[in-house]
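S.K.: Just passing along the structure, written as structure tokens.
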Amino acid sequence: MNIVELIRCETAGLPEGQIAVRTEAGELSYRELFQTVETVAALLKEQGVAPFVRVGLAFPDSIDYIILSLAVLSLGAVLVPVSVSSVREVAEEILEKTAAEFLISSTELFSADTNRIDCRVLPVQGGFYLTRCKPSALLPDEFKQMEPAFIRFSSGTTGTSKGVLLSHTAIAERTAAADQALKITSADTVLWVLSMSFHFVVSILLFLRRGATIWLCSESFPFSFLSAVQRGDGTFIYATPFHYRTLIESKTIGPDALRPIRMAISTAMKLPPETGISFREKFGLELTEAYGIIEVGLPFVNADGARPAGSVGRALPGFELQIRSADKNGIGEVLLRGPGMYTAYLYPWQPRCTDDWFETGDTGRLDADGFLSLLGRSKNLINFAGMKVFPYEVEAVLERYPGVRASLVYPEAHPRYGQLPCAKVEAAGLTADELQRHCYTHLESYKVPKKIEFVDRLERTESGKIKRTV
């Protein structure tokens, strides 16, 4: 199967003028989108892009990005996103590890074997740079037997990325699984602010499968985002807590501005409790937290209003969850399996066995009603005098304090205790003493950060997650 052909078939019955993608500069209907994709695909085919060929894409978030991605995938080639903010060395490493034969970019990243290709149907750039790569790496023969569609390297929050390979079938399965909670229809207009290099497979492709309109607000954030909200055209928001803070703090966005919004998804990083509370108080709308993993998809969307505070919700239908090596409090390693699982790791090559459980690297607790609470990364566990401290648990307490926007709890080596829990906090006008007093009332004493440092902004990865290194 081919995911682009699936989208084309599923949207064939839409009204003639149904809009697929919209920006402040213009829009494309579904009919125009597919006509443009066909034109670009024919041009790429002339250049040598063919089935199974890996094609890097380093392009700004735009209508052009969507067109180029669909064109590559429609040819049976394999899409390899490269963030436009990546340094040249990172881009080179991704292209080499994926054995990419081409790079499509908006700027001339490499002078050798690069040509400017005019393509007037691309509404933003009017063309692209095409680099012919000469990788030394080789992929195993079984790669071609896996319906390869997409390879993404993670944002590097926990270590070296292996490169995640997804097949066309896996993409179809995981988008369908996620839609059990998101319930996207052709009546939806999605306000989009995320990076397509990191958030394309489940979200953008799902929205297109269901015939929704995608309003791209990321090109001139925050102005386009605020403008789209003020127009009242949106019905669905897919964003991070950072973007929701922008709405909360904006003086131009009033309490009634989000009345047309039926669902606001918070993703990419954990939702600080204060952000969720402030958002509900201002707009009367509950933020819906989604727990996504590139290897798994979107197994948790906490649309259930009865969920406990701090929980990511229940696993969506079709997903299985296991807590391995649980301690006396029920806390252990979170394992998952379900529809749309990754097909293989690319580097080093490691195909996934069909019935394998995926080790998420998260620690968590499952309550009697099936709600999962995440407490931290197993690799980031802090060992204080032999006692376990889960960073997410401490961060959740810190972020309940008024004025705390975000926090990062990390270990600091100590000759006597092994590791001390310490914290960096995004906040103004607070003191370490008052935050520690707050923590002592909600946490066991050994979990309270022994040192608290206030920062203007915590360092984040390109996908918007807080970097868990200090």
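S.K.: From 308, 222, 317, which residue is in contact with a helix residue (DSSP H, G or I) (Cβ under 8 Å, 6 or more places away or on another chain) and not assigned by TED's automatic domain parsing to the domain that holds residue 194?
M.R.: 317
S.K.: Further, regarding this structure: Could you pull out every one of the strands (runs of 3 or more DSSP E) wholly within segment 362-414 that has 3 or more residues that are in contact with a strand residue (DSSP E or B) (Cβ under 7 Å, 6 or more places away or on another chain)? I'd like the intermediate steps shown before the answer.
M.R.: Details: elements: 372-377, 382-384, 387-389, 406-414.
Passing ranges, in order: 372-377, 382-384, 406-414.
S.K.: Would a scan of segment 262-278 turn up a residue that is among the basic types (Lys, Arg) and modelled with pLDDT under 95?
M.R.: There is at least one residue in segment 262-278 that is among the basic types (Lys, Arg) and modelled with pLDDT under 95.
S.K.: Which condition number in (1) among the polar types (S, T, N, Q); (2) under 27 Å from residue 391 (Cα atoms); (3) surrounded by fewer than 22 Cβ atoms within 10 Å (Cβ to Cβ) is the one that residue 267 fails?
M.R.: Just one mismatch for residue 267, condition (3).
S.K.: Another one. Taking strands (runs of 3 or more DSSP E) that do not extend beyond segment 283-359, which have at least 1 residues that are touching a residue at least 40 places away in the same chain (Cβ under 8 Å), crowded, with 16+ Cβ neighbours inside 10 Å and of a type in the set (Phe, Trp, Tyr)?
M.R.: 287-293, 297-301
S.K.: Right, another one. Among the numbered criteria (1) touching a residue at least 24 places away in the same chain (Cβ under 8 Å); (2) surrounded by fewer than 21 Cβ atoms within 10 Å (Cβ to Cβ); (3) of a type outside the set (Val, Ile, Thr), which one does residue 46 miss?
M.R.: Condition (1) is where residue 46 drops out.
S.K.: Right, next: Give 96, 108 a once-over and let me know the one that is in contact with a Pro (Cβ under 7 Å, 6 or more places away or on another chain), surrounded by fewer than 16 Cβ atoms within 10 Å (Cβ to Cβ) and charged (D, E, K, R).
M.R.: After applying the criteria, what remains is 96.
S.K.: Shifting gears a bit: Tally the residues that are within 19 Å of the chain's Cα centre (by Cα) and assigned to a strand (DSSP E or B), restricting the search to segment 43-80.
M.R.: Residues that pass the stated criteria total 5.
S.K.: Only residues in segment 257-272 that are more than 22 Å from residue 230 (Cα to Cα) count as the first member; pair them with residues that are in a strand (DSSP E or B) and not aliphatic (A, V, I, L, M), Cβ under 7 angstrom, at least 6 apart or cross-chain, and list the lot.
M.R.: Matching pairs, first to second residue: 267/238; 267/292; 271/289.
S.K.: Of all residues in segment 9-27, count the ones that are out of contact with any helix residue (DSSP H, G or I) (no Cβ under 6 Å at 6 or more places or on another chain), surrounded by 13 or more Cβ atoms within 10 Å (Cβ to Cβ) and not polar (S, T, N, Q).
M.R.: 4
S.K.: Another one. Identify the residue in segment 426-467 that is assigned to a loop (DSSP other than H, G, I, E, B), touching a Lys or Arg at 6+ places or on another chain (Cβ under 7 Å) and of a type outside the set (Ser, Thr, Tyr) and, among all such residues, is surrounded by the fewest Cβ atoms within 10 Å (Cβ to Cβ).
M.R.: 459
Residue-by-condition table, conditions (1) assigned by TED's automatic domain parsing to the domain that holds residue 208; (2) of a type in the set (Gly, Ala, Ser); (3) at pLDDT 95 or above:
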site: 4; (1), (2), (3): yes, no, yes
site: 11; (1), (2), (3): yes, no, yes
site: 24; (1), (2), (3): yes, no, no
site: 37; (1), (2), (3): yes, no, yes
site: 41; (1), (2), (3): yes, yes, yes
site: 52; (1), (2), (3): yes, no, yes
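S.K.: Oh, and also: Restrict the check to segment 100-123 and report whether at least one residue is more than 25 Å from the chain's Cα centre (by Cα), more than 16 Å from residue 41 (Cβ to Cβ) and touching a residue at least 60 places away in the same chain (Cβ under 8 Å).
M.R.: Yes, segment 100-123 has at least one match.
The values are calculated or read from the model by the stated rules, or taken from the named source; none is laboratory data. Predicted model, so just to flag it, every value in this text is computed and none were measured. FYI the Cβ positions are ideal-geometry reconstructions off the backbone, even for glycines, and counts take in every protein chain you see.
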